[in-house]
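Novice: Structure in structure tokens, see below.
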Amino acid sequence: MSRVYNFSAGPAVLPEEVLTEAAAEMLDYNGTGMSVMEMSHRSKAFQEIIDSAEADLRELMDIPDNYKVLFLQGGASQQFAMIPMNLMKNKVADYIVTGQWSKKAYAEAKKYGKANKIASSEDKTFSYIPDCTDLPVSDDADYVYICENNTIYGTKFKQLPDTKGKTLVADVSSCFLSEPVDVTKYGVIYGGVQKNVGPAGVVIVIIREDLITDDVLPGTPTMLQYKTHADAGSLYNTPPAYGIYICGKVFRWLKRQGGLAAMKERNARKAKILYDYLDESQMFKSPVEAKDRSMMNVTFITGNAGLDAKFVKEAKAAGFENLKGHRSVGGMRASIYNAMPEEGIKALVAFMKKFEEENL
Ligand SMILES: Cc1ncc(COP(=O)(O)O)c(C=O)c1O
């Protein structure tokens, strides 16, 4: 067996320990004589899996009792519609647009009410996070929306916006569980798990209980109401059972690593190795403002598309996979989620140095 260093933005690298455990349990989960994939979601064994996954996530993120944890489907993209459908009581919401994902969420919200773009960094190709200390938040806004870590551009909100008392809704798909967060600052935290938490097919929504009501936009399908899933403990219909089981294993792995404070320390150290090199390199540079750099998605460019392509090709041949930047921006991107070992980043930097010497 040989494993590559996988820098994919998602689906992405998972902890090897988790994959090994899942492999060992593939044919017979915990004496049940069947795989979790084959198990009824109404069984006692699965109920224990989902209950312990939720309990471990609550412990990791210190989620208060007045927040529900929902394991849903439809990816992060489905939340772009579910959020306005469930939360737009006044039919007004404010969006901070810092990349393609918040832009899509903003466009979707416009279908359901008045969505206002109250800040944007599109003027400089989303290479920074706008100043959000004194935004023109609408008096009647039902919520203020952000994408906390911009997977494509490699930027991250280091400070949450001042929402002037309005509910904050955050897409944390690409920074989920990368560091501690204060859940009480948000009304809704959600993310597709396929980047930092588990396999594609599960989206986790952490939502304050008072936001879960029957008062949703007319015509909202049953499956798109948070209340449906909250009332049924995420088991209204067949859930993405195997994905939830793997997420549960990742939560336990994170606890063994020392929890989110330890992950933050580790992630900061890992990102620094790459950013320090980008800052000293004559060939590669980071296109984003230093103060807004993501610890999870590190974008870099040479300024020459041909050289970028040569680098990606040679890196792949050397065992560094998925370094090509998002198709909309080009360049390179190293996604260095929780499960990427520090050695992977050190090896990448050594390879980049060699490439620089050979091609400058
Ligand atoms: C920040 C962010 N939000 C949303 C999405 C869309 O996720 P999904 O494919 O689960 O709908 C992505 C996917 O890459 C993302 O990075």
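The values are calculated or read from the model by the stated rules, or taken from the named source; none is laboratory data. The model shown is predicted, which means the values in this text are computed figures rather than measured ones. Cβ sites come from the backbone with ideal geometry, for glycine too, and all protein chains shown count toward neighbours. Accessible surface is based on the protein model in full, side chains and every heavy atom, while ligands, DNA and RNA are left aside. Shrake-Rupley method; radii C 1.70, N 1.55, O 1.52, S 1.80 Å.
Novice: Name the one entry in Leu70, Leu57 that is buried (at least 18 other Cβ atoms within 10 Å of the Cβ), over 22 Å from Leu217 (Cα atoms), modelled with pLDDT of 95 or more and under 21 Å from the mean Cα position of the chain (by Cα). Break it down stepwise before answering.
Specialist: Details: Leu70 fails: over 22 Å from Leu217 (Cα atoms).
Testing whether each residue is buried (at least 18 other Cβ atoms within 10 Å of the Cβ), over 22 Å from Leu217 (Cα atoms), modelled with pLDDT of 95 or more and under 21 Å from the mean Cα position of the chain (by Cα) leaves just Leu57.
Novice: Of all the helices (runs of 4 or more DSSP H) wholly in the range 13-129, which have at least 3 residues that are within 16 Å of the ligand (Cβ to nearest atom) and closer than 30 Å to Thr228 by Cα? Let's see the steps before the verdict.
Specialist: Details: elements: 16-24, 44-61, 75-87, 100-109.
Those helices (runs of 4 or more DSSP H) span 75-87, 100-109.
Novice: If the requirement is being open to solvent by less than 10 Å² (accessible area, probe 1.4 Å) and more than 30 Å from Asn90 (Cβ to Cβ), which of these qualifies: Gly187, Gly198?
Specialist: After ruling out the rest, the residue left standing is Gly198.
Novice: Could I ask something else about it? Return the pairs, sorted by first residue and then second, in which the second residue is within 16 Å of the ligand (Cβ to nearest atom) and in a loop (DSSP other than H, G, I, E, B), the first residue lies in the range 89-114 and is under 20 Å from Cys132 (Cα atoms) and of a type in the set (Lys, Arg), the beta carbons are less than 9 Å apart, and the residues are 6+ apart or on different chains.
Specialist: Lys103/Phe126
Novice: Within the range 147-171, work out how many residues are in a loop (DSSP other than H, G, I, E, B), open to solvent by less than 10 Å² (accessible area, probe 1.4 Å) and aliphatic (A, V, I, L, M).
Specialist: 1
Novice: Go through the range 219-261 and report how many residues are over 17 Å from Lys68 (Cα atoms), charged (D, E, K, R) and open to solvent by 50 Å² or more (accessible area, probe 1.4 Å).
Specialist: So the answer is 3.
Novice: Of all residues in the range 297-334, which are on the phi > 0 side of the Ramachandran plot and open to solvent by 30 Å² or more (accessible area, probe 1.4 Å)? Before you say what the answer is, go through the steps one by one.
Specialist: Quick first cut of the range 297-334, residues on the phi > 0 side of the Ramachandran plot only: 303, 319, 322, 330-331.
If the condition is that a residue be on the phi > 0 side of the Ramachandran plot and open to solvent by 30 Å² or more (accessible area, probe 1.4 Å), then Gly303, Asn322, Gly330 are the ones that fit.
Novice: All but one of (1) within 16 Å of the ligand (Cβ to nearest atom); (2) touching a Phe, Trp or Tyr at 6+ places or on another chain (Cβ under 6 Å); (3) β-branched (Val, Ile, Thr) hold for Thr167; state the number of the condition that does not hold.
Specialist: (1)
Novice: How many residues, within the range 258-275, are within 12 Å of Ser178 (Cβ to Cβ) and of a type outside the set (Gly, Ala, Ser)?
Specialist: Of the residues in the range 258-275, 7 are within 12 Å of Ser178 (Cβ to Cβ) and of a type outside the set (Gly, Ala, Ser).
Novice: Sticking with this one: Give me the residue from the range 210-228 that is within 23 Å of Val183 (Cα to Cα) and in contact with a Phe, Trp or Tyr (Cβ under 7 Å, 6 or more places away or on another chain) and, out of that set, farthest from the ligand (Cβ to nearest atom).
Specialist: Ile212
Novice: Of the conditions (1) of a type in the set (Val, Ile, Thr); (2) within 12 Å of the ligand (Cβ to nearest atom); (3) buried (at least 24 other Cβ atoms within 10 Å of the Cβ), Val144 fails just one. Which one is it?
Specialist: Evaluating Val144 over (1) of a type in the set (Val, Ile, Thr); (2) within 12 Å of the ligand (Cβ to nearest atom); (3) buried (at least 24 other Cβ atoms within 10 Å of the Cβ) leaves (2) as the failure.
Novice: I would also like to ask the following. Of all residues being among the hydrophobic types (A, V, I, L, M, F, W, C), touching a residue at least 24 places away in the same chain (Cβ under 8 Å) and out of contact with any helix residue (DSSP H, G or I) (no Cβ under 8 Å at 6 or more places or on another chain) in the range 283-323, which is nearest to Glu358 (Cα to Cα)? Just the residue, please.
Specialist: Filtering the range 283-323 for residues among the hydrophobic types (A, V, I, L, M, F, W, C) gives 283-284, 288, 290, 295-296, 298, 300-301, 305, 307, 309, 311-312, 315, 317-318, 320, 323.
With the extra rule that they be touching a residue at least 24 places away in the same chain (Cβ under 8 Å), the set shrinks to 283-284, 288, 295-296, 298, 300-301, 305, 307, 311, 315, 318, 320, 323.
Add one more test, that the residue is out of contact with any helix residue (DSSP H, G or I) (no Cβ under 8 Å at 6 or more places or on another chain), and what stays is 288, 305.
Details: Val288: 26, Ala305: 17 Å.
The residue in question is Ala305.
Novice: Can you give me the number of residues within the range 1-46 that are among the β-branched types (Val, Ile, Thr) and touching a Gly at 6+ places or on another chain (Cβ under 7 Å)?
Specialist: Taking the range 1-46 first, the residues among the β-branched types (Val, Ile, Thr) are 4, 13, 18, 20, 32, 36.
Of the ones still in play, those that are also touching a Gly at 6+ places or on another chain (Cβ under 7 Å) are 4.
The number of residues fulfilling the criteria is 1.
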